[in-house]
Amino acid sequence: MEEDTTKTERSGKKPKKRAPRDPAGRRQAIIDAAANLIAREGSSKITNRRVAEEAGVPLGSTTQYFKSIDELRREGLAEVARRIEHEYDEAFRVTEQGIQNATALADFINEYLSDQQRVHADAALYAAAIEDPDVEDITRSAFESFLRRCAPFMDEQRAKILCAFMEGAIINSCFMGVPYDRETIQKAVSLILEEDDAAK
């Protein structure tokens, strides 16, 4: 031991310090990587190897933190749902600042649907929910969260109709590669909010 220390001192090199362990940070990095892959390619393409490569961690890390690929997949989908909710938070934050009308909401929806990666992430979440009861719980929770966000601005019935329109527009945009045109989106939102009737 003394000889090794002497050699290190003679070489002038300081011994490398190990990076501090961060299990929570590594676990989240793996979840983020799974969510990124789901957003780009869908949940069916998730494998331990691909997630590890995306996260930049050793392959064994995925099995260390997650019991199965299904558990990792669900955590990735849950992260996708959290990201979607964050996007809705931003939209309603703008509304709370005083732009409470169909035009502002249509602008947000149009921008949201123009992001193909985001659209595919939403579609992947819907598709997974059809086959996996655990993912169905994630989507149900996201739906209920959406209704709560809408509550200050519209009644529950309109909020449900708006959510149904968004889901349909997302699927359509995913298939067609482009969103509905802005005028169609604004007309739909106006009808949901009944702004056309109010203007008469």
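Bear in mind that the values in this text are calculations on the coordinates, not laboratory data. Nothing here was measured: the structure is a model prediction, and the numbers come from that model. Please note: Cβ atoms are built from the backbone with ideal geometry, for glycine as well, and neighbour counts cover all protein chains shown.
Between C150, N48, I109, whose Cα lies farthest towards the positive end of the dipole of segment 23-193 when Lys and Arg beta carbons carry +1 and Asp and Glu beta carbons carry -1, centred on the Cα centre?
Towards the positive end, the residue furthest out is N48.
Full extension from R49 to Q28: what is 0.36 nm times the residue separation minus their Cα-Cα distance, to one decimal in nm?
Length difference between fully extended and current span is 5.9 nm.
Which of the listed residues, F66, A78, F92, is farthest toward the dipole's positive end in segment 23-193, when Lys, Arg count +1 and Asp, Glu count -1 at the beta-carbon?
F66
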